[in-house]
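The values are calculated or read from the model by the stated rules, or taken from the named source; none is laboratory data. Since the model is a prediction, treat every value here as computed from it, not as a measurement. Methodologically, a virtual Cβ is constructed for each residue, glycine included, from the backbone with ideal geometry; neighbour enumeration extends over all protein chains shown. Protein only, heavy atoms only, side chains kept; ligands, DNA and RNA dropped before computing areas. Shrake-Rupley method; radii C 1.70, N 1.55, O 1.52, S 1.80 Å.
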Amino acid sequence: MKILIIGSGGREHALGWKIKQSPLVTKIYFAPGNPGTKKIGDNISIEVTDINKLLKFAKDKKIDLTVVGPETSLVLGITDAFRKEKLKIFGPSKKAAQIEGSKTFAKELMKKYKIPTADYFTFDNSNEAKNYLQHAKYPLVIKADGLCLGKGVAVCKNRKKAEKFLSELMIDKTFGESAKKIIIEECLYGQEISFMVITDGRDFLSFLPSQDHKRLLTNNQGTNTGGMGAYTPVPFLDKKLIIQIEKEIVAPTIKAMAKEGCLYQGILYPGLILTREGPKVLEYNCRFGDPETQPLMMQLESDLVEIFLTQQKNQLKKKELVFKKGFSVGVVLASAGYPGEYKKGDQIIGLDKINDKDIQIFHAGTKEVDKKIITNGGRVLSVTATGSTLEETIKKAYQFIGKKNIHFKGMQYRKDIGKNGLIFGDKYD
Ligand code: AMP
Ligand code: GLY
């Protein structure tokens, strides 16, 4: 089989790494890919938003299955375009991808179908929103309706901060049309969990739960980022809680989407918060998480391509996802300045030193120039390790990061990826 993977991040490198292990696969293409994916297949220079070119490429090369990484392509309707031409593609339709593309759509769905989430109000008028802020309870959370590359959400401690962010969204229009509508919602407290399932629109299979680390700095300090690292499974998320999440959140969401005429097929990834009242949805994503996919792929035992093909035939009920015992931990190495304006072009040292089957280096913001790998993005690499205990796996991942191993000028990374799992581990056992 010939597979086309859309995207260029660590998530797509990890998906490619796993897909390559399937005996069903003869060739993998990445659009546009990165220097890491180049070692697995062919990179082709088509952007993830250029649906027409991607479609033409898939037709010309007779691609058997296309796997979509980023939400941008899904929200633009890549799935619908490919299906119209009878091409197999993994990911939800444009209509179903609204679950991530429009936060107001997602909130209304949750309200209508009684899926637990934060209480909220929607505004499309900045004066009304500003009036609301005068009498609101703080802290509160303001969210732009549409996609903003992870920058459209702010937890606001007081009115001053809230008014400033509201102004950025609705007056300065920093995110353009994406913030035409906004949501103001109550602030929730608890551990954040990433829970991904694969679904054919009716049945679903759950991946192991994972935990991302959104803040830039160690001990959850600093600004929000796309994610500075992740680990899986999460020791404090026991079987009982997983069943509760499946029953109260995942199954009702899939059912609700079908009822609303938005049959949901692909990865459904609710970002959850474990509150005192139980798990609640913070947001839905319509694709695999990044950086969670990197450790998840290292834990997955099942043939991912076989799973995708079963999903395409709407037969997931007959399958199961099998995972290895133990843990995987992925630490993101980011450029100086990230998540703000970041530096590019520094050589990455030490990549050739790693030769250990328990370690994978997944590329994201890298570039190859004169046979050297240089930094070319905010999140540069995910150093991902697998091992039998969480403690040992964390050590393994960090062992390969630093001056004597992998490093580059201005490199930033958190020192505590996975530690939450150790701290809270026993509490829920
Ligand atoms: P989202 O894109 O909706 O997941 O929001 C990004 C981040 O903002 C989340 O990962 C949380 O850390 C935080 N967040 C979003 N909504 C809430 C909420 N209602 N209460 C507390 N934190 C939130
Ligand atoms: N890990 C956060 C995301 O993929 O949206």
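Before moving on, here are some points about what is shown:
- Within region 174-228, tally of residues that are under 21 Å from Glu292 (Cα atoms), part of a loop (DSSP other than H, G, I, E, B) and open to solvent by less than 50 Å² (accessible area, probe 1.4 Å): 12
- Being within 30 Å of Phe90 (Cα to Cα) and at pLDDT 95 or above holds for only one residue in Lys181, Lys157, Lys161, and it is Lys181.
- Single residue of region 309-330 satisfying the filter (touching a Gly at 6+ places or on another chain (Cβ under 7 Å), open to solvent by less than 30 Å² (accessible area, probe 1.4 Å) and away from ligand 2 (no atom under 14 Å from the Cβ)) that is nearest to Ile267 (Cα to Cα): Val329
Let's see how each residue does on (1) farther than 25 Å from Gly378 by Cα; (2) surrounded by 18 or more Cβ atoms within 10 Å (Cβ to Cβ); (3) of a type in the set (D, E, K, R); (4) in contact with a Leu (Cβ under 8 Å, 6 or more places away or on another chain):
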site: Pro32; (1), (2), (3), (4): no, no, no, no
site: Leu55; (1), (2), (3), (4): yes, yes, no, yes
site: Lys62; (1), (2), (3), (4): yes, no, yes, no
site: Ser93; (1), (2), (3), (4): yes, yes, no, yes
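- Checked against (1) in contact with a Ser or Thr (Cβ under 6 Å, 6 or more places away or on another chain); (2) surrounded by 20 or more Cβ atoms within 10 Å (Cβ to Cβ); (3) closer than 16 Å to Ala230 by Cβ, Ile394 passes all but a single condition, namely (1).
- For Tyr231, the criteria (1) outside any loop (DSSP other than H, G, I, E, B); (2) over 29 Å from Lys130 (Cα atoms); (3) within 16 Å of ligand 2 (Cβ to nearest atom); (4) open to solvent by 10 Å² or more (accessible area, probe 1.4 Å) hold in every case but one, which is (4).
- Taking every residue in region 202-223 that is among the hydrophobic types (A, V, I, L, M, F, W, C) and pairing it with any residue that is within 13 Å of ligand 1 (Cβ to nearest atom), at least 6 positions away or on another chain, the pairs with Cβ-Cβ distances below 7 Å are Leu216/Gly222; Leu216/Thr223; Leu216/Thr225; Leu216/Met228; Leu216/Pro339.
- Members of region 163-218 that are under 25 Å from Phe424 (Cα atoms) and basic (Lys, Arg): Lys214, Arg215
- Single match in Lys107, Lys103 (criterion: out of contact with any Lys or Arg (no Cβ under 8 Å at 6 or more places or on another chain) and at pLDDT 95 or above): Lys107
Here's the yes/no breakdown for (1) assigned to a helix (DSSP H, G or I); (2) β-branched (Val, Ile, Thr):
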site: Tyr338; (1), (2): no, no
site: Glu341; (1), (2): no, no
site: Gly345; (1), (2): no, no
site: Asp352; (1), (2): yes, no
site: Val383; (1), (2): no, yes
site: Thr386; (1), (2): no, yes
site: Thr393; (1), (2): yes, yes
site: Arg414; (1), (2): no, no
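- Among the conditions (1) part of a helix (DSSP H, G or I); (2) touching a Lys or Arg at 6+ places or on another chain (Cβ under 8 Å), Ala97 misses just one, which is (2).
- Picking from residues in region 268-300 that are among the hydrophobic types (A, V, I, L, M, F, W, C) and within 16 Å of ligand 1 (Cβ to nearest atom), the one that is farthest from the chain's Cα centre (by Cα) is Leu274.
- Residue match in region 110-123 (condition: assigned to a helix (DSSP H, G or I) and either in contact (Cβ under 8 Å) with a residue 24 or more places away in the chain or on the phi > 0 side of the Ramachandran plot (or both)): yes
- Boolean, Lys214 is away from ligand 2 (no atom under 16 Å from the Cβ) and either more than 24 Å from Thr122 (Cα to Cα) or not small (Gly, Ala, Ser) (or both): no
- Answer from Glu306, Glu301, Glu283 - the residue that is open to solvent by 10 Å² or more (accessible area, probe 1.4 Å), out of contact with any Ser or Thr (no Cβ under 6 Å at 6 or more places or on another chain) and within 14 Å of ligand 2 (Cβ to nearest atom): Glu283
Residues checked against (1) in contact with a Lys or Arg (Cβ under 8 Å, 6 or more places away or on another chain); (2) assigned to a strand (DSSP E or B); (3) farther than 25 Å from Gly150 by Cα; (4) modelled with pLDDT under 95:
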position	(1), (2), (3), (4)
Val250	no, no, no, no
Met257	no, no, no, no
Ile267	yes, yes, no, no
Pro270	no, yes, no, no
Tyr284	no, yes, no, no
Phe288	yes, no, no, no
Val332	yes, yes, no, no
Lys357	no, no, yes, yes
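- Residue list for region 93-106, filter: within 13 Å of Gln265 (Cα to Cα) and within 15 Å of ligand 2 (Cβ to nearest atom): Ala97, Ile99
Conditions (1) open to solvent by 40 Å² or more (accessible area, probe 1.4 Å); (2) among the aliphatic types (A, V, I, L, M); (3) within 24 Å of Leu65 (Cβ to Cβ); (4) touching a Cys at 6+ places or on another chain (Cβ under 8 Å), marked per residue:
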residue: Ile243; (1), (2), (3), (4): yes, yes, no, no
residue: Leu263; (1), (2), (3), (4): yes, yes, yes, no
residue: Ile273; (1), (2), (3), (4): no, yes, no, no
residue: Arg276; (1), (2), (3), (4): yes, no, no, no
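- The lone exception for Phe123 - which of (1) more than 9 Å from ligand 1 (Cβ to nearest atom); (2) within 30 Å of Lys415 (Cβ to Cβ) it fails: (2)
- Verdict on Tyr138 being assigned to a loop (DSSP other than H, G, I, E, B) and among the aromatic types (Phe, Trp, Tyr): yes
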